[in-house]
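To start, the structure under review is shown below, and the notes come after it.
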Amino acid sequence: MTTVAWAHAQSAAPARPTPLRRYAWITLVAATSTVVGVIWDISWHRSIGRDTFWTPAHLAIYLGGVLAGGSCGWLVLRTTFSRSPDERAAGVRFWGFRGPFGAWLCVWGALAMVTSAPLDNWWHNAYGLDVKVLSPPHTLLALGMWSIQLGALLLAAAVQNEAASDRARRAAGLMVAYLAGLLLENAAILGIEQVGFANAGHNALYYEFAAGVFPVVLLAAGRGARLAWPATTAAATYMMTSLIMIWVLQLFPATPKLAPVFNPLTHMVPAPFPVLLVAPAVVIDLLIRRLPGRDWLLAGLAGVAFVSVLLAVQWVFTAFLLSPAARTFAFGVDHWDYSSRLGPWRYQFWRTRTDPLTPRALGVAVLLAVASARLGVWAGNWTAQIRR
């Protein structure tokens, strides 16, 4: 979308009397709480094993759901029963109620999260610990979290798009990019088995998954957030969130409480080191500046650039992460579950023979990246226009 078209959309839409900024900040805190809680919860399962609903990690997750659902539920009621016709008209109608679309996403996400809690408790009682990350209860929880994070982003985008000054627009744009970074974090968490560990950094699936998932968020942030470096800011948010959690979790004492224990631990196991998304994000921002309004060309070049730059940096960096030089507090590597039988496999690349990175695999990755980037361009253009 061109700058002229965006300016026209901004001048044509009526100003919203509802103070969305307050709700945007509350949902931003809620989205952050859910991400912190999930990273903490994964570490808890890898370090301690046994848990209850009342662990600090679970409380952080569901605090985010309560904050988002409660605040946005009130926003929907306020909009529905407002005496101002303009305020009611600014909302999206659903089941007779009215509210901003982002608020609806937060309400639905909170309901999904609340529903997943008893379902997850029953699942563990019936089947024990999850073998995979995405069990049915965790899938429902993940959908709820995605809904809250996306809803928070759309509320921030509405504040950005109706801002009366450049300063207010940049502040809201920073919120949009930050929340896009949390979406990147969530995608990396869900793909931990594909792109989580450096040992998979020379596999085809590693780059195919990254190409299919990350560009859509980076391009959406690049087109939707009103900043000088929006995609880079989103990628930096993802990396800093990951690094802070890596550094903090290593400080917490932990003792495994579920047999068998093959790897005695004394502290929490941190998450793997994040993917270096900042490098391709910088190139994406540069392409967005040079190709305003040329959506298909932008998507094609961004997809090729994403795979090329990511391959260049990750191929070398994952090798570094498996070397003795990376086994420090700063990188948080060489930390393994209490149930792991430690061996030389920790410092080797996995599945290089069964899943090699061939030219065909790279071609598949590029096609996935282009499709993902095109979807991201469309989402970013829509985000740049959203008013409710």
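Just a few scattered comments:
- Counting beta carbons within 10 Å around each of 185, 193, 162 and listing the fewest first gives the order 193, 162, 185.
- An ellipsoid equivalent to the range 193-388, defined through the eigenvalues of its Cα gyration tensor, has semi-axes of 34, 20, 13 Å when rounded to whole angstrom and sorted largest first.
- For residue 267, the residues whose amide H sits under 5 Å from its own are 254, ignoring neighbours fewer than 5 places away on the same chain, with H placed 1.01 Å from N.
- Between residue 296 and residue 171, the C-beta separation translates, for a Förster distance of 35 Å, into a calculated FRET efficiency of about 0.65.
- Put simply, the amide H of residue 92, placed in the peptide plane, has neighbours under 5 Å in 99, 101, leaving out anything fewer than 5 places away on its chain.
- Relative contact order %, the chain, counting alpha carbon pairs below 8 Å whose residues are six or more apart: 22 percent
- Scaled to the globular estimate 2.2 N^0.38 Å, the Cα spread of the range 294-388, given as radius of gyration, is 1.52.
- The chain: proportion of alpha-carbon pairs further apart than 34 angstrom, %: 31 percent
- Sorting 79, 266 from the fewest to the most surrounding beta carbons within 10 angstrom yields 266, 79.
Bear in mind that the values in this text are calculations on the coordinates, not laboratory data. Fair warning: this is a prediction, and the values are worked out from it, not measured in the lab. Cβ sites come from the backbone with ideal geometry, for glycine too, and all protein chains shown count toward neighbours.
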